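Contents: one structure, followed by commentary.
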Amino acid sequence: MNELKHQSILPENFREIFPEDVYELIVQISRQGFGLTLVGGAVRDYILEGKLSNDLDFELRHSFEYSEDEWKKMIRRLGETLKNKYSYHVEILNFEILKIKIGSYEVELSSPRVETYTGKAPFGHSEFEVELSPLIPYNKSFLRRDFTINSMAIEFGVPGADDEFRFIDPFNGIGDLKNKILRPCSESFYYDPVRFLRLIRFSNKLDFTFEGDPSLFDLTELTAHYFFQESLKDFFLITKKFFLTIQEYKISLAIDLKDLEFLTNLNFGEFGQLLKDEVLLALTFSSEEITLEDRMAFCRIAGMKSTAAEDYEKLKSYLSALRDEDDGTLKRLLRHSTFVELLDNDILIEIQKLMQLYNRHRFGTLEILEKIDPSIYKRFVFFKNIFGSETKGKIVANKLMKLVDKKEKRSIISLYCHLLVYYDLRPILPESRFGS
């Protein structure tokens, strides 16, 4: 982790650092009578790195007291005003959260709120009651946040005033940041199973020490949706530590997620944020120890098609078989063999299987494969370029079809035409059968 880059929390040039388009939005909101406070990860990362992230979360406040229903209506009216009068793209989410996209920035505006868990544990991620109010003090509204380092804030005052920006830190998050500590804001931290994943993610990302007791978590209500929402931000590092910590502290886990315990034994490097398809690709190509059954369990829990694991297994098999087939090999085959001879050629049959799989699945660019096995990735790109080439010469293709009696051989014709176009070659045909 970088050392703190600023002696003072808010330097004099903070206004210059702040994105102009977002600042204009804040001015418009202020003119509607609202106050704003930047809070959470953007403030934490700014203090650590001296720059703002693209995700900016604000609390919306007001100097007057309103009933909860009145306050909700005010926030919705604000969203409609920003949308209709100022042409911002505004989404209204649960708890009256306004989500606004401005260039590369994602801005969220939410009311100060108090969350109270009801009933008995184990709780799920959303099993709490919410109170919304414009006047909830920071030391109460910030209790719903996870760590003290994520409960620091910057209050925006009168635009252009000397005291326009004020640092807010009710739980001494700045001290914990300096001492590299992850400290929960309240005991309710342990009620939310998703926060266990956030604990794992931040301890990995920042290399901070957790000042708490992981054994207080109960993850039997942790859903696959929230598991992947957090873990995909750095899947292999997060899941390995996730399962190791569960084993160490004997934490109860949702039954479905237990089928992913094989991830504990993997020693993958840092891949960063991934898609589910990319995880499956890495699981398929990185280790022979991961069985097809394991990968099928991953697909089931991740909500992917049941055939995806088998398709990736075939992709690996075909690319491995064609690892050494290059331009030279294919050109020689095309130049020195007739079309009929190539119908039973082992190399073309293997390429044809790969093309059928590619056309059915439409694999993406698979850049992650370049990190795992560069030579296999190079093969994939090579054949992807061939399959993506335009098939021309329909008259010739139709004549070629007449040379083939068996329907299962006709897909070879499509591949053959692709190869001819790709290499700009003419077909070598048995003249006695083809004619002029």
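The values are calculated or read from the model by the stated rules, or taken from the named source; none is laboratory data. As the structure is a prediction and not an experimental result, all values here were calculated from the model. Neighbour counts are summed over all protein chains in view; Cβ atoms, including those assigned to glycine, are modelled from backbone coordinates with ideal geometry.
Looking at E367, E310, can you tell me which residue is surrounded by fewer than 17 Cβ atoms within 10 Å (Cβ to Cβ), in contact with a helix residue (DSSP H, G or I) (Cβ under 9 Å, 6 or more places away or on another chain) and free of Cβ contacts under 8 Å to residues at least 12 places away in the same chain?
E367
State which residue is modelled with the lowest pLDDT when the search covers only the stretch 347-364 and only residues that are in contact with a helix residue (DSSP H, G or I) (Cβ under 8 Å, 6 or more places away or on another chain) and basic (K, R).
Of everything passing the filter in the stretch 347-364, R360 is modelled with the lowest pLDDT.
In the list F363, F339, which residue meets the criterion of being under 23 Å from the mean Cα position of the chain (by Cα) and within 20 Å of L415 (Cα to Cα)?
F363
Suppose we filter the stretch 98-132 for residues that are surrounded by fewer than 19 Cβ atoms within 10 Å (Cβ to Cβ), over 24 Å from the mean Cα position of the chain (by Cα), within 19 Å of L36 (Cα to Cα) and touching a residue at least 60 places away in the same chain (Cβ under 8 Å); how many remain?
1
For the stretch 151-197, name all the residues that are of a type in the set (D, E, K, R), at negative phi and either surrounded by 15 or more Cβ atoms within 10 Å (Cβ to Cβ) or outside any strand (DSSP E or B) (or both). Walk me through it before giving the result.
Within the stretch 151-197, the subset of a type in the set (D, E, K, R) is 155, 162-164, 166, 169, 176, 178, 180, 183, 187, 192, 195.
Then keep just the ones that are at negative phi; that gives 155, 162-164, 166, 169, 176, 178, 183, 187, 192, 195.
Of everything in the stretch 151-197, those that are of a type in the set (D, E, K, R), at negative phi and either surrounded by 15 or more Cβ atoms within 10 Å (Cβ to Cβ) or outside any strand (DSSP E or B) (or both) turn out to be E155, D162, D163, E164, D169, D176, K178, R183, E187, D192, R195.
Which of the helices (runs of 4 or more DSSP H) contained wholly in the stretch 278-387 include at least 2 residues that are more than 26 Å from Y423 (Cβ to Cβ) and charged (D, E, K, R)? Break it down into steps so the answer makes sense when it comes.
Details: elements: 292-302, 308-321, 327-336, 339-342, 346-361, 368-372, 374-387.
Per the criteria, 292-302, 308-321.
Just wondering, is there one or more residues in the stretch 399-421 that are modelled with pLDDT of 80 or more, out of contact with any His (no Cβ under 9 Å at 6 or more places or on another chain) and not in a helix (DSSP H, G or I)?
no
Filter the stretch 24-51 for residues that are of a type in the set (G, A, S) and assigned to a loop (DSSP other than H, G, I, E, B); which is nearest to L82 (Cα to Cα)?
Of all residues in the stretch 24-51, those of a type in the set (G, A, S) come to 30, 33, 35, 40-42, 50.
Narrowing the set further to residues that are assigned to a loop (DSSP other than H, G, I, E, B) leaves 33, 40, 50.
Values: G33: 13, G40: 23, G50: 30 Å.
Among those that are of a type in the set (G, A, S) and assigned to a loop (DSSP other than H, G, I, E, B), it is G33.
One residue is enough: does the stretch 50-68 have a residue meeting the conditions more than 14 Å from E155 (Cα to Cα) and aromatic (F, W, Y)?
Step one: list which residues in the stretch 50-68 are more than 14 Å from E155 (Cα to Cα), which gives 50-55, 64-68.
Okay, now just the ones that are also aromatic (F, W, Y), so 64, 66.
Within the stretch 50-68, one or more residues are more than 14 Å from E155 (Cα to Cα) and aromatic (F, W, Y).
Test E248 against the stated conditions and say whether it is over 22 Å from V43 (Cβ atoms), charged (D, E, K, R) and part of a loop (DSSP other than H, G, I, E, B).
no
All but one of (1) of a type outside the set (F, W, Y); (2) at pLDDT 95 or above; (3) more than 26 Å from the chain's Cα centre (by Cα) hold for R166; state the number of the condition that does not hold.
Only one criterion in (1) of a type outside the set (F, W, Y); (2) at pLDDT 95 or above; (3) more than 26 Å from the chain's Cα centre (by Cα) is unmet by R166, namely (2).
In the stretch 197-247, what residues are among the aromatic types (F, W, Y) and farther than 24 Å from K180 by Cα?
Result: Y226, F227, F228.
I'm trying to understand the selection: among the residues of the stretch 132-150, which are outside any helix (DSSP H, G or I) and within 17 Å of Y191 (Cβ to Cβ)?
Of all residues in the stretch 132-150, those outside any helix (DSSP H, G or I) come to 132-137, 145-147.
Within the stretch 132-150, R145, D146, F147 meet the criteria.
Quick one: E270 ticks every box in (1) modelled with pLDDT under 95; (2) in a helix (DSSP H, G or I) bar one, so which box is it?
Unmet condition: (2).
Per-residue answers, yes or no, for (1) buried (at least 17 other Cβ atoms within 10 Å of the Cβ); (2) touching a Gly at 6+ places or on another chain (Cβ under 9 Å); (3) of a type in the set (F, W, Y); (4) under 27 Å from D218 (Cα atoms):
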site	(1), (2), (3), (4)
F243	yes, no, yes, yes
L253	yes, no, no, yes
F262	yes, no, yes, yes
G269	no, no, no, no
A282	yes, no, no, no
S287	no, no, no, no
I290	yes, no, no, no
M296	yes, no, no, yes
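Is it the case that some residue within the stretch 18-28 is modelled with pLDDT of 75 or more and closer than 26 Å to N179 by Cα?
no
For the stretch 133-152, how many residues are within 26 Å of the chain's Cα centre (by Cα) and not polar (S, T, N, Q)?
Number satisfying all stated conditions: 6.
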